[in-house]
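The values are calculated or read from the model by the stated rules, or taken from the named source; none is laboratory data. Computed from a prediction, not measured in an experiment: that's the story for all the values here. Note: ideal-geometry Cβ built from the backbone for every residue, glycine included; neighbour counts use all protein chains shown. Surface accessibility is based on the protein's heavy atoms, side chains included, excluding ligands, DNA and RNA. Shrake-Rupley method; radii C 1.70, N 1.55, O 1.52, S 1.80 Å.
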Amino acid sequence: MAYLVSHPDEVKVISSRFGKGAADIDRYLELDGYKAVQMALQMGSEAVINEVKASNLRGRGGAGFPTGMKWSFVPKESAKPKYVLCNGDESEPGTCKDRLIFEHDPHAVIEGAMIAAIAVNAHKAYIYIRGEYRYLLEIMQKSIADVYARGFAGKNIFGSGYDLDVYWHGGAGAYEVGEESALMESLEGKRGVPRIRPPFPAVVGLWGGPTVINNAETLASVPHIIMMGGQKYADIGTPKNGGTRLFCLSGHLEKPGVYELPMGYNLKKMIYEVGGGISNGRKLKAVVPGGSSTPVLTADEIDIAMDFDSVAKAGSMLGSGGVVVIDDATCIVKFALRTMQFYRHESCGWCIPCREGTDWLNKTLTRFHAGGGLAKDIDNIRYLAENMLGRTFCPLGDAAAMPTIGFVKKFREEFEAHLEGKPCPFEKHGAISQLPVMSH
Amino acid sequence: MNFSDQLEARFADMLGHYPTKRSVLVPFLLYTQDELGYLTDEAIEEIAQRLDLTALEVRNVISYYSMLRTRPAGKYNVQVCTNICCLLRGGEEILEHARKKLGVAVNKGISEDGVFSVEEVECIGACSWAPAMQVNYDFHENLTEAKVDEILESYRKKAQQ
Amino acid sequence: MADAPKLVNITVNGKKTTAPAGTLLIEACKQIGIEVPSFCYYPGLSLQGACRMCLVEIEKMPKLQTACTTPVAEGMVVNTESEKVVQSRKAMLEIVLANHPLDCPVCDAGGECELQDMTYTYGAAESKFIDIKSHRDEQQWSPVVFFDRPRCILCYRCVRVCGEGMDVWALGVQNRGQGSVIAPNKQDHLECEECGMCIDICPVGALTSGSYRYKTRPWEMNHVGTVCTHCGDGCLTTVGVRRSDTGMEIVRCDNRDKSGINGDFLCVKGRYAFDFAANQERITQPLIKRDGKFVPATWTQAIELVADKFKQVVQKDGPQAIGVIGSNRTTNEENYLLQKFARLVLGTNNIDHHRTADFPAFAKAISENKARTASMRDVFEAPAVLLIGNDPTEQHPLLAWQIRNNVRLHRSKFYIVNSQAIKLRRQATQFVQIPTGAEARFVDFLSGNDAAAGTLTQAGASNENLSQLRDALKGEQNLVVIFGSELRGADISALVKFAAPQNAKFICLGDYANSRGAADMGLFPDLLPGYATFAGAARYQQEWGADVPALVGMDLKQMFGAARDGKLKALYVVGSNPVSRYALDPFVLQAPFVVVQDMFMTETAIAADVILPAAFAYEKSGTFTSTCGDLQMLRKAGDVVSVKSDFEIVVRIAEKMGYDVRKLVPFGKGLRADMGQSRGAQSGEADRHSVWLQARGLEPKVSPFDPLATLDEIQRLIPGYDVSQINLVSGNDEHTQLVQIQNASIPSHPELVVPSNDTLFTSGTLGRYSTVLNSVMERRATGKEVAAD
Ligand SMILES: Cc1cc2nc3c(=O)[nH]c(=O)nc-3n(C[C@H](O)[C@H](O)[C@H](O)COP(=O)(O)O)c2cc1C
Ligand code: SF4
Ligand code: FES
């Protein structure tokens, strides 16, 4: 089971109930649970959306889209039923925060989804949890059963006259299914291939109905926002980046773990103070600041605020909050290769540039890493990645291209050091194994 | 083919969750696999029939998801993550260790006693507690080789019971 | 009809244009002659946005956008040739070629490959990639479908045409990422309708045809557009031929030309079942029976013998002692000529053919009710379609395609009344199942006889269903009504009467490639061309300059009866197998002198005294009339030395009988003669036709073997056939109407209608000689056994 850590700089909002047995519905109620949803019922749709807008809450799934605005895109009137879909497919390498929420505070996700439903006047909410998280799916199943047992879900919730059903749904292993439209396909029992957009999910989503899709952490933040008020939540963070988020510190750190820090917290501090500095007395080489798809930052580039806008300004992305710390004994070529291997394995295969591009980047990087690199390969890698960027059917292609471009751009000399004939400058350098492409 | 009572109950329950039948497909395939060890031809035909799908369509879906399989795995499927965070903290060595220890090739075959298979997997959401692996659905984290030995031993014992 | 969508203004590459709102950008560009390349986009199939070849720049959008998924919007400013777009296209090709085998020199698609063309037009000459390409062995999925996986670029066209277009859903996509692969429905093979549409639609050489692969290069063939010889639907097909020892060999049939009534469609027979032409058992020499055995003869010998015998019989026993049976697969000109031959040269009305629908009754009903027939194109456009009887999926594959795609793309309404749960019910707005044989009673019910409902409800339909359907039909305007041979005689009249007032159009389904033509051309003992009774013979006599025999002739069954009774002394059978089709006793043919003109030793041919080896549809020119009445031109593609067209044979017999052929075939009547247009593959070579003419000192425009000259005459005589000949010659279809010449009552013989009962994989006698059809059926038979285990 996931381990809890803590640091004095933490501001515990989402994690306020972690370690307190809140998966038990009674305990959750003792800890002010299901008050926010009742408030939301009182406030009504528009007031809820306004509160969320005021909170400056931005999506924790990766793209950082303002949540209140997303909700306001859902048409008021719709011939087809509307839905709320919680994205608990958490699969971005470096990210393991939704897991903690589902384990320690599952009702917060349910409550958040319910509030989102009230906000857009939907009567059904689905909570999709990745297949590997079976134990969390079981926790969620029990939580939903408890909620129904108390009459909090189903017909006429809290005596408000509002009907709201909440359902669980499990995945079966696919990163791409985390992409919002692919998630809908998956929930509809299909291959996780994304959909053509427009139309956007807010207008045509699950089973053709308008759908709000949010990350689990995003939704888990919502009850707190309703309870404390949007403005107060916004004040915790930086302008346009309200509140806190769970940062997943991993890699070469003394104290890796998931910490809840205010938006805009300094990355350098995060690494050296919260994370306890680089492990084994080594030096920092690079940081992947927001999950595997975000471009790498060098050791010189980390004195930045960790909010969506500041990281973007630094040429990377805040992404899903996975901060991967790389020490100076690590081979970047190998790291780049392992990253590409992942995207190649997870590409849904639908579009040419992503399917073929990830495969060729993987092939080239493999050969390169094994010592068969040619000087022109370095440019070819970059050329290929740049030609995938912005041209694939969905952002997975970008997710594969962006870090690759970053590695080549920022660590070119390390690539050059691998060129034919020259041994890899890093000691531990076994041949990287190859995950098979998906084929049965 | 007949499903177990438990699976039948699961199926009936899940059907009620969605406006379309086929929506149960992905999770239901996984539950079926949990019972049968893998998705057999008969199970595929049966599920296809129940959901008004062709067997081809069900196979299209199965082959998309990495957890679904149409061939047996060991009773305990040891899935070691080697993705970036685990890589940085020795995931590859853990995989290699498990492979040697169990004497099975990665992503191929089952150990002689039929108990174990070993799989290299992508990120399982244990990045802050790397290196990590899952044995079936159980997470094991902050692994060392010694810890892996212990864990595998405990499953071996369980299998003998 | 819905209002036309409003036009929006867009600018593409500086050109201002308008397009209806909702038009896809890629189509709007096409309209003004700007090509946006694509692999996955295919008109009429669902959108994919997968190949990314169509990325273009749209003002105010930061990223390139796919023209194939973007609908035009007011004020949109598009650049399809900006530096960024050109660069992106080039890179996309580099990326797709990275793993694509460069085996173009041995690839079936080489020379007609969209990837090749695209690389030529937009691509990069140099490859940036040096790593090993992924390889997989090719697979055989069915007797006719092969899959070469590395060549596949995953455009998903095959998956969509099979599923959306054919409603077969036999192809899927499996695995993901680089492992993604097109998969057949039975894991390692296909169980499907074997239409081969997946092969045609594949932009590269990933799906190839079992009968064509590795046979030749596309540029080594002549491509001749002609009309399929199998069912009555009249698909345009492109025949690929090349020179061989024995003439012009047919190498493949496919659907290069999508302009025909069949659009993208071709079925298994149209695509593969041309191979009977080269069957070892084909008769390629005239045969004369001596002492019970067939011995080869020259054409001169055979024709002399036939002419002498015919003359003898006519002189000795009178014209009533000779009978003629025509064909459902010969051209209109040949059929027309044959009835003229019977009536004028032999002097008898003893002429008939194998009837597969009651066209005379249909003609009568249409004329009486001033109704119209529907063309195959109408079926795709009609707002509503009613189908009574028949199973188009099996018997009229194109019709099934038209209906299916009309429902899918135009959301038309579709009503089915059938005794079986036919596959098309999956597209039906309402499907009403009635007892076998109750089609006529259903029509009775439609006509207002509510009591008939009671007898219709045993098979599943309820009274309520039936009334609902009748009400719905009454509310339809511009309905297309299609019915099978289950309806005959007066039932057809009743049906037409019911629907005609609502502006309905009708289709009567007959079985063979020119069944309708045979009927229209007057292969009847009691009807002249155009369903005219003898009362109206004057027009014909004027045109022909000869008298039509007054006596109504014998129908096919009567002729066999007369043969049994020793009254029939000679029988001339052209391209027909009545012995088998009507289950007649071949022994009755022992006494008369029997001449059979055919390709194979059929059950009827065995009984012949002389067999004259005939060319078939792909080996000659002329016209066919589809079961809907769509008139199309055949072009000569294949050629087998020493066989002759039925047209030529008939003319030669007539000439040898001493008849003035100038009276039989229209010489010098101001006609538009064939200058080679209709001879397809042969038109470029030293033209036998004009050589023949010149050797005889004739004007090139008046050849006795010129089918277009006869078509002229047909057009003069049959009002519904007066359509643009220029349009026909240029390969287009023209819809003919059934216009009865005089409103006399037409004799109808429902009992003579014998449906062929062909399926998707059979085609009468010809089908039996098709190796491909046989192997497909064998495979299916074994496939079924396995499934039943
Ligand atoms: C390839 C890909 C994978 C993604 N995976 C996830 C995921 O695992 N979890 C998640 O919440 N969002 C994921 N996203 C982002 C979602 O598409 C979507 O933006 C998000 O769920 C919206 O929620 P938010 O606004 O609350 O962030 C992924 C996006 C892409 C392109
Ligand atoms: S970029 Fe293309 S192939 Fe990749 S995951 Fe998205 S749609 Fe699939
Ligand atoms: S044609 Fe537009 S993406 Fe393929």
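Structure summary
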| read-out | value |
| --- | --- |
| Unique match (being buried (at least 18 other Cβ atoms within 10 Å of the Cβ), in contact with a Cys (Cβ under 6 Å, 6 or more places away or on another chain) and not in a helix (DSSP H, G or I)) among A:Gly94, A:Gly33, A:Gly64 | A:Gly94 |
| The lone exception for A:Trp207 - which of (1) among the aromatic types (Phe, Trp, Tyr); (2) within 16 Å of ligand 1 (Cβ to nearest atom); (3) over 30 Å from A:Met340 (Cβ atoms) it fails | (2) |
| Flag for C:Thr11 being open to solvent by less than 40 Å² (accessible area, probe 1.4 Å) and touching a helix residue (DSSP H, G or I) at 6+ places or on another chain (Cβ under 9 Å) | no |
| Which listed residue is in contact (Cβ under 8 Å) with a residue 60 or more places away in the chain and either surrounded by fewer than 18 Cβ atoms within 10 Å (Cβ to Cβ) or farther than 30 Å from C:Ser46 by Cα (or both), from C:Ile482, C:Ile434, C:Ile492 | C:Ile492 |
| Tally of residues being within 7 Å of another protein chain (Cβ to nearest Cβ) and surrounded by fewer than 22 Cβ atoms within 10 Å (Cβ to Cβ) across the range C:157-172 | 1 |
| Some residue of the range C:460-473 being in contact with a Lys or Arg (Cβ under 7 Å, 6 or more places away or on another chain), part of a helix (DSSP H, G or I) and either modelled with pLDDT under 95 or not basic (Lys, Arg) (or both) | no |
| Residue that is more than 7 Å from every other protein chain (Cβ to nearest Cβ), within 30 Å of A:Val258 (Cβ to Cβ) and more than 12 Å from the chain's Cα centre (by Cα), where the choices are B:Glu122, B:Glu96 | B:Glu96 |
| Residues (within 16 Å of ligand 3 (Cβ to nearest atom) and more than 10 Å from chain A (Cβ to nearest Cβ)) located in the range C:52-64 | C:Cys54, C:Val56, C:Glu57, C:Ile58, C:Met61 |
| Test: residue in the range A:261-271 that is within 11 Å of chain B (Cβ to nearest Cβ), open to solvent by less than 10 Å² (accessible area, probe 1.4 Å) and either in contact with a helix residue (DSSP H, G or I) (Cβ under 6 Å, 6 or more places away or on another chain) or more than 19 Å from A:Gly315 (Cα to Cα) (or both) | no |
| Which numbered condition C:Lys620 fails, given (1) open to solvent by 20 Å² or more (accessible area, probe 1.4 Å); (2) at pLDDT below 95 | (1) |
| Condition met for A:Gly131 (facing another protein chain (nearest Cβ under 10 Å), part of a loop (DSSP other than H, G, I, E, B) and more than 16 Å from ligand 1 (Cβ to nearest atom)) | no |
| Counted residues, the range C:23-40 - those being open to solvent by 50 Å² or more (accessible area, probe 1.4 Å) and either over 20 Å from C:Tyr120 (Cβ atoms) or not in a loop (DSSP other than H, G, I, E, B) (or both) | 2 |
| Helices (runs of 4 or more DSSP H) enclosed by the range A:298-369 - at least 2 residues per element that are farther than 27 Å from C:His100 by Cβ and more than 15 Å from ligand 1 (Cβ to nearest atom) | A:308-313, A:332-346 |
| Residue match in the range C:107-130 (condition: within 14 Å of chain B (Cβ to nearest Cβ), within 30 Å of C:His410 (Cβ to Cβ) and within 28 Å of the chain's Cα centre (by Cα)) | no |
| Close pairs from the range A:188-199: first closer than 18 Å to A:Tyr83 by Cα, partner open to solvent by 20 Å² or more (accessible area, probe 1.4 Å) and more than 16 Å from ligand 2 (Cβ to nearest atom), Cβ under 6 Å, at least 6 apart | A:Gly189/B:Arg22 |
| Single match in A:Lys232, A:Lys190 (criterion: facing chain B (nearest Cβ under 10 Å) and either open to solvent by 10 Å² or more (accessible area, probe 1.4 Å) or away from ligand 3 (no atom under 16 Å from the Cβ) (or both)) | A:Lys190 |
| Qualifying position, being among the charged types (D, E, K, R) and either farther than 23 Å from A:Glu92 by Cβ or touching a helix residue (DSSP H, G or I) at 6+ places or on another chain (Cβ under 7 Å) (or both), among A:Lys376, A:Lys410 | A:Lys376 |
| Spans of strands (runs of 3 or more DSSP E) in the range C:162-230 with at least 2 residues in contact (Cβ under 8 Å) with a residue 24 or more places away in the chain | C:181-184, C:207-209, C:222-227 |
| Condition check for B:Ala130: within 13 Å of another protein chain (Cβ to nearest Cβ), among the aliphatic types (A, V, I, L, M), without any contact (Cβ under 8 Å) to a residue 60 or more places away in the chain and under 27 Å from A:Glu254 (Cβ atoms) | yes |
| Residues being within 14 Å of chain A (Cβ to nearest Cβ) and modelled with pLDDT of 95 or more - total across the range B:105-116 | 0 |
| Residue ID - farthest from the other protein chains (Cβ to nearest Cβ), chosen from residues in the range A:333-345 that are over 19 Å from C:Ala91 (Cα atoms) and open to solvent by 10 Å² or more (accessible area, probe 1.4 Å) | A:Lys334 |
| Subset of the range A:375-422 that is surrounded by fewer than 18 Cβ atoms within 10 Å (Cβ to Cβ) and aliphatic (A, V, I, L, M) - its residue that is farthest from ligand 3 (Cβ to nearest atom) | A:Ala417 |
| Scope the range A:158-178; condition under 19 Å from A:Ala116 (Cα atoms) and in a loop (DSSP other than H, G, I, E, B); matching residues | A:Ser160, A:Gly161, A:Tyr162, A:Asp163 |
| Condition met for A:Leu219 (more than 30 Å from A:Asp327 (Cα to Cα) and either in the same structural domain as A:Ser91 (by TED's automatic domain parsing) or crowded, with 24+ Cβ neighbours inside 10 Å (or both)) | yes |
| Candidate set from the range C:41-91 (those that are part of a helix (DSSP H, G or I) and open to solvent by 30 Å² or more (accessible area, probe 1.4 Å)); member that is farthest from ligand 2 (Cβ to nearest atom) | C:Glu83 |
| Residue ranges of strands (runs of 3 or more DSSP E) in the range C:547-660 with at least 1 members over 30 Å from C:Ile507 (Cα atoms) | C:570-574, C:593-598, C:610-613 |
| Filter pass, C:Glu94 being among the acidic types (Asp, Glu) and open to solvent by 20 Å² or more (accessible area, probe 1.4 Å) | no |
| Selection count, the range C:538-585, where residues are open to solvent by less than 50 Å² (accessible area, probe 1.4 Å) and either under 21 Å from C:Ala307 (Cα atoms) or not hydroxyl-bearing (Ser, Thr, Tyr) (or both) | 27 |
